[in-house]
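Where a number appears in this text, it was derived from the coordinates with a stated rule and is not lab data. These numbers come from a predicted model, not from an experiment. Please note: Cβ atoms are built from the backbone with ideal geometry, for glycine as well, and neighbour counts cover all protein chains shown.
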Amino acid sequence: MKPLINRSAVFLTAGLLVAGTGAISKTTEAQASDIRGTLTFAGDTEIPKGQIKIYIEDTAIKESTRELTTQTHLKSSGKSKAIDFSVTRPANVQASPTLRIIAQLQRPDGWLLAQGSTKIKSGKLLDIVFYKTMY
């Protein structure tokens, strides 16, 4: 009597499963939907109390529509030296060297206290440093 499954079929099936799993995980990594990072204040001091707005901007666009639609809002209590953030990458935005992420710290009355930005790097945690805004 001949066995229903031979050894070469088992190895072939296992190899295909491993190859398929690796390809799927690499595709998922490349299309990460969240951009994550940490906000700090220049001089390693506490981030002042206020409202934080984080958004993505394309510097290649010369119009007033440079700011893309995704925004994240956080609050600073004035007691932290670092704040972690996460921004959802818009589905229609492709990785580009002209994309940057901008964070602005405002007082409750709307005055801009500090701002920082950095280029978006795929798959890496970003560090944005707030610098005091001068008027």
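Couple of notes before you dig in:
- At full extension, ASP34 and SER86 could sit 18.1 nm farther apart than now, given 0.36 nm per residue minus the alpha carbon distance.
- Amide H contacts under 5 Å for THR118, placed H, 5+ residues apart: ILE101
- Measuring between alpha carbons in the structure, the pairs from LYS81/LYS119; LYS81/LYS121; LYS62/LYS132; LYS75/LYS121; LYS49/LYS81; LYS53/LYS132 lying more than 18 angstrom apart are LYS81/LYS119; LYS81/LYS121; LYS62/LYS132; LYS75/LYS121.
- For the stretch 74-135, the relative contact order comes to 24 percent (Cα pairs under 8 Å, sequence separation of at least 6).
- When each of the peptides 41-48, 75-82 is scored by the mean number of other C-beta atoms lying within 10 Å of its residues, the order from highest to lowest reads 41-48, 75-82.
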